[in-house]
Amino acid sequence: MNRRQLTHAAPLAWLAAGPTTAAAWNPGEHDYDAAVQQIWRSGPLRGLEGRALGLELVRCATLAPSSHNTQCWRFAIGPDAITVLPDFSRRCPAVDPDDHHLFVSLGCATENLVQAAGAQGLRAEARFEPAQAAVRVTLATGTPQAGALCAAIPARQCTRGTFDGHPLTSGELKQLAAAAAGPGVQCHLFTERAALERILSFVVEGNTAQIRDPAFVRELKQWLRFNAADAVRLGDGLYTAASGNPTAPAWLGRLLFDLFFTPGAEADRYAQQVRSAAGVAVFVAEQADAAHWVAVGRAYQRFALQATALGVRNAMLNQPVEVAALRPRFAAALGLGPLRPDLVVRFGRGPALPRSLRRPVSAVLV
């Protein structure tokens, strides 16, 4: 939705509803701030062992991103391993019918876990287990490897605002590319304005197709959290303030969403976001299967953590890979041949936005 339109329209709709809604206009802000401090805390891992260490590693893993912030993962803590399992009850069949994003999300969580384990002095090795469709991370004694990527875990966020338009240095681009490097995954960085405009055209085309799909819109609305109270109560989903939009009572937020979530308004928003970016990264797996999608998630998470360490923000622009009919043309335009593009990520410097929340660790354990 268009922030300017929403900002102007929301107070009018609120006043028209009468004074009884006043107490619900911005509920739970104090609880939201407390939740952010608790969830995104920078807790040292030193001195933890056994079950306590496993729980802290899982907490770090849950700070990874997931599509619509569904947190589509479960964790099983064993004596010498932690298994990251898919939670198919949190899948998004409209936007992610083949569970591509779900397995990418498992990869992001896996990478956070591996980085956090290394900081604790554990040697972590992750392996995809096809029979379980899960990732088993074995843990063995090693040498502490506290580095910039682990330190960035509690600071990383997908920032859905505009960036400052300034380019990154060649050295910074090399660090991002090096972080994203991994077996079975390619990361292509685009910084030329002509290339960004070409990518933008596919983003807008894909976004328009999605907005015209009632199933997509219903599913997206299901995961929107229009106010702090709902965000805190549920601990998941897309909090509107985290994308730079005002908060509102849930009934009003749904109404305004229906009014202002239009192809034209979204096209304007994405044009501003892409044109303010320093560049766009496109991640591509060498094979289209769950194991490689996990590898894409791990590569992206390293990219995002390295970006955070450099003071660079990022956010997804996945419409060209989510609309199946558009995907082959997008791949051809980027010169990818028959390979399937997996993630489209804009990056650049800009201000932080409010945080998305997470469910408690106890809610994701098996």
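Quick look at the numbers
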quantity: Label-zone membership for segment 343-366, site Ser42, 7 angstrom Cα→C-beta point, backbone N under 19 Å; calculated: 350-356
quantity: Lys, Arg +1 and Asp, Glu -1 on Cβ, resulting dipole of the chain about Cα centre, debye, nearest 20; calculated: 400 debye
quantity: Whole-angstrom gap from segment 218-277 to segment 72-136, using each part's C-alpha centre; calculated: 27 Å
quantity: The chain: antiparallel DSSP beta bridges as a percent of all, rounded to 5; calculated: 90 percent
quantity: Surface accessible to a 1.4 Å probe, per residue, for the residues of the chain, Å²; calculated: 41 Å²
quantity: Distance in nm between pseudo-label sites at Thr262 and Glu125 (7 Å out along the Cβ direction from Cα); calculated: 5.8 nm
quantity: Area accessible to solvent at Cys92, 1.4 Å probe radius, in Å²; calculated: 10 Å²
quantity: Pairwise label distance in nanometres, Glu49 with Gln145, each label 7 Å out on the Cα-Cβ vector; calculated: 2.3 nm
quantity: Directionally averaged shadow of the chain, computed from the convex hull of its alpha-carbon atoms, nm²; calculated: 17.6 nm²
quantity: Given the chain, longest segment not containing exposed loop GluC sites (Glu not before Pro) (DSSP; at most 14 other Cβ within 10 Å); calculated: 50-191
quantity: With at most 15 other Cβ atoms within 10 Å, longest stretch of the chain clear of loop trypsin sites (Lys or Arg not before Pro) (DSSP); calculated: 47-211
quantity: Segment 120-210, accessible surface, carbon-and-sulfur percent (1.4 angstrom probe); calculated: 55 percent
quantity: Theoretical ellipticity at 222 nm over the chain - DSSP helices of four or more residues, -39500 (n - 2.57) apiece, nearest 500; calculated: -14000 deg cm²/dmol
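The values are calculated or read from the model by the stated rules, or taken from the named source; none is laboratory data. Model, not experiment: these values are computed from the prediction. For neighbour counting, all protein chains shown are included, and Cβ atoms are generated from backbone atoms with ideal geometry for every residue, glycine included. For the accessible areas, the whole protein counts, side chains as well, though only heavy atoms, and no ligand, DNA or RNA atoms are used. Shrake-Rupley method; radii C 1.70, N 1.55, O 1.52, S 1.80 Å.
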